[in-house]
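Student: Dropping the structure in here first, questions after.
The values are calculated or read from the model by the stated rules, or taken from the named source; none is laboratory data. Remember, it's a predicted structure, so these values are computed and weren't measured experimentally. Glycine also receives a Cβ, built like all others from the backbone with ideal geometry; neighbour counts cover every protein chain displayed. Calculation scope for accessible area: heavy atoms of the full protein, side chains included, ligands and nucleic acids excluded. Shrake-Rupley method; radii C 1.70, N 1.55, O 1.52, S 1.80 Å.
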Amino acid sequence: MKFSRNITIGQYIYQNSLIHKLDPRVKILTTILVIISLFLIKSWFGFSIIALYLFINIFLSKVHPKFVLKGIKPLIIIIIITLIIHFFTTPGEVIYHIWILNITKEGIQRGLFIAVRLFLLIVATSWLTLTTSPIALTDGIERLLSVLKFIKVPAHEIAMMMTIALRFIPTLMEETEKIIKAQMARGADFESGNLIKRIQNFLPIIIPLFINAFHRADELAIAMEARCYRGGEGRTHYRKLMISIADQIFFITTLFVILIAYLVVL
Amino acid sequence: MFIHLKNVFYTYNLHMPFQTEALKSINIMIEKGEFIGIIGHTGCGKTTLLQLIDGLLEPTEGQILIDGIDIHKDRSKLKEVRKRIGLAFQYPENQFFEETIYKEIAFGPKNLGISDDKIKDMVKNALAMVGMDYYLYKDRSPFSLSGGEMRRVAIASILAIDPEVIILDEPTASLDAQSRDKLLALIKNLYQRYNRTIILVSHNMEIIAELTRRLIVMENGRIMMDDTPRKIFQESIEKLESIGLSLPPVTNLMYKLKKIGKPVNSGILTVEEAKEEILKMVKKK
């Protein structure tokens, strides 16, 4: 049993490109703006502008489009289900009739529209994670959230939790594999039996995994305190984030594209 | 039992950009009643080898035969293999998950579909084998034990399925001296009194020298030497040092005495033997 191979969420692909060099804050903000615009846009023209914009971004980032498509794969079922639900539930001009269900013209239009919206949402977010390293991403989030410090948002703590979580994903994977093997050596069988039996079979994996994770968390906390970790107050960064001219141009271009997509109705 | 590894190769992440060859053309024959030590540097493939023997990994190339039958030919045979071969990983207490020691040890036999009355006897036996009192410990939580006790319960949970071969990966890692000695006495007992075949991986040369009867030295995924510990510690000292392995302290002492011209035998494995040799040397004067 190998789990490590199947995880692609939040995968980062390193390339030496303009997009990779952009400030993470700018990338996060533009992604959020694109996501908002996708919910506001009401026209196919608007969608095609955004699609073109995302396509150019991916092209500039030199990341192979197959990685973007890989991110869509697990969500394809959700897209299909929304498509089908819209087909049958939207009232309007009936064009096809099956049993007690009616497919309407408006339903097809709406369904396709929403499917394209979902598709573009996924592309926009995977563009962000594919071109931004997890560390840069958490750094960016920390800096963006620190704007909200006056309403007591613990920006540094949130970012630290994210960094630690990301750091321990591979460790926990490795550990899971080790525990599975150890229990198999004691005759455990994870590959047969009915559903309930199979779920029960996972207890001998999950319990040790949790216990070890708690132990590790404890040790990590002590190790951090031993090195005088005291939270975000007065803490400096090794990599200073700086907004360059390229960042500004990128941000303004994005704003411009979104405005065109939203305002121009053909 | 007769374990035969025939030209076995194992590669991690096969056909991936980061594939690594962990084992290369391994040939080993293991007879019933042997006590084998395996030494080698971290990352030389020891743990991979142990997992292959227990049928937890499938070799990329080559065959693993037990009683002349390829264990990967028929997947339903694997459970049978794991019943006959008990494998205790490094830090085996990290797999505890039950609320009582009884249930923890009963996990193995239960998986093999053994009836409850019989399981009780097996748990009793297993605890006796590791020198722990059944009535005193059976209802305690495995998490309430000391490090040494935890290790012994973990090993008991392997012994409960009554394996013919017992594989131990660094069984004494991070134990205090007293718990370590207790555990070593227990392993010796398993070999001498219960006639189990034992495969022991350790970085501690003293333990290897004292306990094992056959020593396999691994280097970079290959078997470098396979002989009695006495012969290896006597004749292949340079070879051992060249791959960064040391001699057991007493062996090293006698080797150095001989090197400066004292009339002693090298290839000494225990303190007892060393004492005799030194007394002989002193008397000669």
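Student: Which count do you get for residues in the range B:260-276 that are open to solvent by 80 Å² or more (accessible area, probe 1.4 Å) and not in a loop (DSSP other than H, G, I, E, B)?
Tutor: 4
Student: Could you tell me which of the residues B:ILE198, B:ILE187, B:ILE167, B:ILE207 is in contact (Cβ under 8 Å) with a residue 24 or more places away in the chain, out of contact with any Asp or Glu (no Cβ under 6 Å at 6 or more places or on another chain) and within 14 Å of chain A (Cβ to nearest Cβ)?
Tutor: It is B:ILE167.
Student: Of B:GLU99, B:GLU104, which residue is open to solvent by 60 Å² or more (accessible area, probe 1.4 Å), within 14 Å of another protein chain (Cβ to nearest Cβ) and at pLDDT 90 or above?
Tutor: On inspection, the qualifying residue turns out to be B:GLU99.
Student: Taking the stated definitions as given, is A:GLY111 of a type in the set (Gly, Ala, Ser), in contact with a Ser or Thr (Cβ under 9 Å, 6 or more places away or on another chain), at pLDDT below 85 and on the phi < 0 side of the Ramachandran plot?
Tutor: The answer is no for A:GLY111.
Student: Identify, please: which residue in the range B:185-209 is part of a helix (DSSP H, G or I) and under 19 Å from B:LYS46 (Cβ atoms) and is, among those, most open to solvent (accessible area, probe 1.4 Å)?
Tutor: B:GLU206
Student: Could you check the range A:137-153 and list, in sequence order, the residues that are within 17 Å of A:HIS237 (Cβ to Cβ) and not basic (Lys, Arg)?
Tutor: A:LEU137, A:THR138, A:ASP139, A:GLY140, A:ILE141, A:GLU142, A:LEU144, A:LEU145, A:SER146, A:VAL147
Student: Just the residues that are surrounded by fewer than 22 Cβ atoms within 10 Å (Cβ to Cβ) and within 12 Å of chain A (Cβ to nearest Cβ), please, taken from the range B:123-149.
Tutor: Within the range B:123-149, B:SER141, B:PHE143 qualify.
Student: If only one of A:PRO170, A:PRO134 is touching a residue at least 60 places away in the same chain (Cβ under 8 Å) and either over 25 Å from A:THR30 (Cα atoms) or hydroxyl-bearing (Ser, Thr, Tyr) (or both), which one is it?
Tutor: Among A:PRO170, A:PRO134, only A:PRO170 is touching a residue at least 60 places away in the same chain (Cβ under 8 Å) and either over 25 Å from A:THR30 (Cα atoms) or hydroxyl-bearing (Ser, Thr, Tyr) (or both).
Student: Which one is nearest to the other protein chains (Cβ to nearest Cβ), of the residues in the range A:143-176 that are charged (D, E, K, R) and open to solvent by 30 Å² or more (accessible area, probe 1.4 Å)?
Tutor: It comes out as A:GLU174.
Student: Could you please find all residues in the range A:188-198 being surrounded by 11 or more Cβ atoms within 10 Å (Cβ to Cβ) and more than 7 Å from every other protein chain (Cβ to nearest Cβ)?
Tutor: Passing the criteria: A:PHE190, A:GLY193, A:ARG198.
Student: Quick test of your reading of the structure: A:LYS42 fulfils all but one of (1) in contact with a helix residue (DSSP H, G or I) (Cβ under 6 Å, 6 or more places away or on another chain); (2) part of a loop (DSSP other than H, G, I, E, B). Name the failing condition by number.
Tutor: (1) is the only condition that A:LYS42 fails.
Student: Kindly indicate whether B:GLY86 is at pLDDT 90 or above, assigned to a helix (DSSP H, G or I), facing chain A (nearest Cβ under 10 Å) and under 25 Å from A:LEU209 (Cα atoms).
Tutor: no
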